[in-house]
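Provided herewith is a single structure, encoded as structure tokens, for subsequent inquiry.
Where a number appears in this text, it was derived from the coordinates with a stated rule and is not lab data. Since this is a predicted model, take the numbers as computed values, not measurements. Positions of Cβ are generated from backbone atoms using ideal geometry, with glycine treated the same way; all protein chains shown enter the neighbour counts.
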């Protein structure tokens, strides 16, 4: 099976919006697997009916969420439009992931074309990012590899199947967590990292 | 010579955009990448934090090995939208309540919270990060009171971006039409004259020198342009000869051909179909 480990660096500020209340829009420090897969397949959403429920996305390859390697954030003030009482966030504060922030993720399956220096768009408002490190290998899933692990993303109702986990991010749609390398956890190694591949 | 931009579809109607599947593949629908350099012609102040006391400091970010001036993309997008709404004489659409039914919303997107309809911007701007290194230079300023009976002016301090500061300006337009490219270039020229950032009545005006337009999603990186010296014009021109990424190389516009097209398309609206002024 082909797999890739890649690190990418943001070229513009962006967000993966998390907490959003009382004029404050925060960002999570991880990108979801859907954000990573959409970005690397150059998928974009031209229009959206906001009343429609979230559509689960499938891709020809799998991905971990992108974890922060060297991520900086900044709180910026936000003031949009002329009338303060219309629209969503007209005045308030936002946390932004700053340009230069670096993330790491792993992909496997029917990989899209990937190259160092490749630019793609990711996150809110689609910030450009550039692949700064790339390893592509044939990997063999196993139950014994050891080493530093990448996080996994699971639906909230799936986590109770695991005897232990460390939650990193929680939303109503997904959890991003670290799974300990138990003997029954399928995994593979790439670029010095272990990618847990739970049999959900 | 007819360029690839002149052969693009004339314009997307809103109904055509809503007729596309919501999710698209950018590479299949087409992307053009515009690369230029924005240069501040006067001082500017891009405030992004509250600051302390009477000090207002322009935003900065550490990028490509240096601390640099940081000009958030939305500070360009906001001016651009106002210019387009005015220049194209769009009725019934404002920055507060985008109608999601006019040519400006069709290009720059918007969310109408009454109808819950959302169009994404097909113009992908990115933050502008300066070629020149950030320099903390606190200016002492004074504001005269509005009330003539009050004699004491209010002092305050500013850390501004000095005139002459250059920023790589990389823009991608998804599913482009002739109108999209023309309206963008035209509005950008007018926005440059109006100015960006704080108190743009007096400052923040800029000029844009377009260096290349690529037919495709060029893998042009601001970090690459800013690393290894400040001669970004030369490096961008080199990119035009060998553009990285999924690009139709034969269609790349640079040099005199590009300058002529920009001159023609920014001096009037006829060339790109914005002459009618109706929404």
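Could you work out the equivalent-ellipsoid semi-axes for segment B:78-144, taking the square root of 5 times each eigenvalue of the Cα gyration tensor, largest first, in whole Å?
Value: 33, 17, 12 Å, ordered largest first.
Hey, another quick one. For a footprinting-style exposure proxy, rank A:124, B:249 by other Cβ within 10 Å, fewest first. Present the calculation step by step, with values, prior to reporting the outcome.
Working: A:124 16, B:249 13.
The fewest-first ordering by Cβ neighbours comes to B:249, A:124.
May I ask you to derive the relative contact order of segment A:109-198, considering only C-alpha pairs under 8 Å and at least 6 residues apart, and to give it as an integer percent?
Relative CO of segment A:109-198 lands at 28 percent.
For a Förster distance of 56 Å, can you work out the FRET efficiency between the beta-carbons of residue B:146 and residue A:200, rounded to the nearest 0.05?
0.30
To the nearest 0.05, how large is the calculated FRET efficiency for residue A:184 and residue A:50 if R₀ is 45 Å and r is the Cβ-Cβ distance?
0.65
Then there's this: If we count other beta carbons within 10 Å of each Cβ, what is the order of B:68, A:133, fewest first?
Fewest-to-most ranking of B:68, A:133: A:133, B:68.
So what's the back-of-envelope 222 nm ellipticity for chain A, counting only DSSP H runs of four-plus at -39500 (n - 2.57) apiece and dividing by all residues, rounded to 500?
One gets -1000 deg cm²/dmol as the mean residue ellipticity at 222 nm.
In segment A:2-31, whose amide N lies under 16 Å from the spot 7 Å out along Cα-to-Cβ of residue A:91? List them in ranges.
A:22-25
Continuing with the same structure: Would you mind listing how long chain B runs along its three principal axes, going by Cα atoms, in whole Å with the largest first?
Computed over chain B, the largest-to-smallest principal extents equal 61, 48, 34 Å.
Helix B:178-194: angle to the longest alpha-carbon principal axis of chain B, degrees 0 to 90, nearest 10?
That helix lies at roughly 10 degrees to the long axis.
Averaging sequence separations of C-alpha pairs under 8 Å and six or more residues apart, then dividing by the length of chain B, give the relative contact order as a whole percent.
29 percent
Where in segment B:230-255 is the amide nitrogen less than 19 Å from a point lying 7 Å along the Cα-to-Cβ axis of residue B:263?
B:253-255
If you don't mind, there's one more thing I want to ask. Using the reciprocal of the averaged 1/r over all distinct C-alpha pairs, how large is the Kirkwood radius of segment A:2-139 in Å?
For segment A:2-139, inverting the mean 1/r across all distinct Cα pairs yields 16.1 Å.
Report the extension gain between residue B:66 and residue B:199 in nm, rounded to one decimal, defined as 0.36 nm multiplied by the number of residues separating them, less their alpha carbon distance.
Using 0.36 nm per residue and subtracting the Cα-Cα distance, I get 45.1 nm.
In addition: Once every DSSP H run of n ≥ 4 in chain B is given -39500 (n - 2.57) and the sum is divided by its residues, what mean residue ellipticity at 222 nm do you get, rounded to the nearest 500 deg cm²/dmol?
Using -39500 (n - 2.57) per qualifying helix, the result is -8000 deg cm²/dmol.
When a footprinting reagent is the concern and you count Cβ atoms within 10 Å, what order do B:225, A:134 take, fewest first?
Starting with the residue having the fewest Cβ neighbours, the order is A:134, B:225.
Can you give the convex hull volume of the alpha carbon atoms of the protein assembly as shown per residue, in Å³?
164 Å³
For the Cα atoms of chain B, what angle does the longest principal axis make with the long axis of helix B:73-87, in degrees from 0 to 90, nearest 10?
With rounding to tens, the tilt is 70 degrees.
Next question. Between residue B:13 and residue B:91, with labels modelled 7 Å along Cα→Cβ, what's the label distance in nm to one decimal, could you check?
Calculated label separation equals 1.9 nm.
Could I ask something else about it? Report the calculated FRET efficiency for residue A:22 and residue B:139 (r = Cβ-Cβ distance, R0 = 45 Å), to the nearest 0.05.
0.85
Let me ask something else about it. If each of residue B:156 and residue A:75 carries a label point 7 Å out from its Cα toward its Cβ, how far apart are those two points in nm?
Simple spin-label model gives 2.1 nm for this pair.
Right, something else. Put a dot 7 Å past each Cα toward the Cβ at residue B:189 and residue B:28; how far apart are the dots in nm?
3.7 nm
For chain A, what is the relative contact order in percent, using Cα pairs closer than 8 Å and at least 6 residues apart in sequence?
After rounding, I find 28 percent.
If you fit an axis through the alpha-carbon atoms of helix B:255-267 and take the longest principal axis of the Cα set of chain B, what angle between them do you get, 0 to 90°, nearest 10?
The angle comes out near 80 degrees.
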